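The next block holds one structure in the form of structure tokens; read it before the comments.
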């Protein structure tokens, strides 16, 4: 019994320490002027932090963790591809505004919304695919966590940006 409690405490301590180190690195990154390649390194650290927090929140064992993140990585890759496709359409629209070209705006708008509908459909499909490895409550916790985590990261970057602004 004591051994189980000790292992649990050590695991919690390791996870908490990792989260602290990653958050500290995020704060350092946000406070200094970074070369362009630095963003991908920082993005990787944020993803690591998110993974650690998900494992801790959902209390995943090793086998479930592997299955979950394999599916999640596939989902995120497909979402990124759709985001790139949508962003290309935004760029084309923006370019047409700059060049004052008349294009079929109705068609472009329909294409953008079709991509966003596909993103939502894939997101729903992903969460439905987790039902064989996660409980409904864990899926709900994950949905809420993802929203809160992204909002917190966004808030931190905004906060750091405000600190960098020169005072007038």
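Could you give the semi-axes, largest first, of the ellipsoid that matches region 62-168, computed as the square roots of 5 times the alpha carbon gyration tensor eigenvalues and rounded to whole Å? Write out the running numbers ahead of the final one.
Values: eigenvalues 216, 121, 24 Å².
Semi-axes from the Cα gyration tensor: 33, 25, 11 Å.
May I ask you to list the residues of region 129-168 whose amide nitrogen lies under 17 Å from a point 7 Å from Cα along the Cα→beta-carbon direction of residue 76?
130, 142-154, by backbone N distance to the label point.
For region 49-125, what number results from the quotient of the Cα radius of gyration and 2.2 N^0.38 Å?
Values: Rg = 18.1 Å, N = 77, 2.2 N^0.38 = 11.5 Å.
Here the Cα radius of gyration is 1.58 times the empirical estimate.
Need the full-extension length gain, residue 113 to residue 57, defined as separation in residues times 0.36 nm minus the C-alpha distance. One decimal, nm. Write down the numbers at each step before the final one.
Values: separation 56, 0.36 × 56 = 20.16 nm, distance 3.33 nm.
Taking residue 113 through residue 57 to full extension adds about 16.8 nm, to one decimal.
Does a label point 7 Å from the Cα of residue 93, set along Cα-to-beta-carbon, have any residues of region 99-133 with amide nitrogen under 19 Å, and which are they?
Under 19 Å, as judged by backbone N against the label point of residue 93, lie 99-121 of region 99-133.
Compute the length gained on full extension between residue 102 and residue 41: take 0.36 nm times their separation in residues and subtract their Cα-Cα distance, giving the result in nm to one decimal.
Details: separation 61, 0.36 × 61 = 21.96 nm, distance 4.06 nm.
This chain segment gains 17.9 nm when fully extended.
No value in this document is a laboratory result; all are computed from the given coordinates. Everything numeric here is computed off the predicted structure, so don't read it as measured data. All Cβ positions, glycine included, derive from the backbone under ideal geometry; neighbour counts span all protein chains shown.
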